[in-house]
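The values are calculated or read from the model by the stated rules, or taken from the named source; none is laboratory data. Being a predicted model, the structure only gives us computed values, none of them experimental. Every residue, glycine as well, gets a Cβ built from its backbone with ideal geometry; the counts of neighbours run over all protein chains shown.
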Amino acid sequence: MREIWKDIPNYEGLYRISSKGKILGIRRGKVKRPTITISANGYTSQVVSLSVNGVQSRHHVHILVYTTFRGKPNGMVDFKDGDKRNMSIDNLIDVRATNKFRKAHCI
């Protein structure tokens, strides 16, 4: 798949995101490095801080990719191959929370 870049919604002209999950700060021309976070229940995710008008917000990279390329998800965004490092839009899927729970617990 060819890498495609688009402006991130609500950050147009400030940040762009690629179809592979890379985030570019337009003003500095540098790709941002996400932070790996681990939640209390052991889930890992990649998070990036974006700022507009001096206000900083943290965002999950996979949700930014999905929202930018497919629109707002109806449920939760999950990884088709289970690899949370694979942020490619082709690897992201919109699932209902109950389906994600069943998948995680093999029900």
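Exactly one residue among T37, T68 is in contact with a Pro (Cβ under 8 Å, 6 or more places away or on another chain) and polar (S, T, N, Q), and that residue is T68. Looking at (1) in contact with a strand residue (DSSP E or B) (Cβ under 6 Å, 6 or more places away or on another chain); (2) at pLDDT 95 or above, which one does K30 not meet, given that it meets all the others? Tallying (1) in contact with a strand residue (DSSP E or B) (Cβ under 6 Å, 6 or more places away or on another chain); (2) at pLDDT 95 or above, K30 fails exactly one: (1). Just so you know, in the stretch 59-82 the residues that are in contact with a Lys or Arg (Cβ under 8 Å, 6 or more places away or on another chain) and either within 17 Å of T37 (Cα to Cα) or of a type in the set (D, E) (or both) include one that is modelled with the highest pLDDT, and it is H62. Looking only at residues of the stretch 83-103 that are part of a loop (DSSP other than H, G, I, E, B) and modelled with pLDDT of 90 or more, we find that the one that is nearest to H62 (Cα to Cα) is M87.
What about I17, is it of a type in the set (A, V, I, L, M, F, W, C), in a strand (DSSP E or B) and closer than 18 Å to F79 by Cβ? Criteria met by I17.
Pairs linking a residue in the stretch 42-58 that is without any contact (Cβ under 8 Å) to a residue 40 or more places away in the chain and under 15 Å from K32 (Cα atoms) to a residue that is of a type in the set (A, V, I, L, M, F, W, C) and in a loop (DSSP other than H, G, I, E, B), with Cβ atoms under 7 Å and 6 or more positions apart or on different chains, do not occur. The set of residues in the stretch 35-60 being under 19 Å from N10 (Cα atoms) and either in contact with a His (Cβ under 7 Å, 6 or more places away or on another chain) or surrounded by 13 or more Cβ atoms within 10 Å (Cβ to Cβ) (or both) consists of V47, V48, L50, V52, H59, H60.
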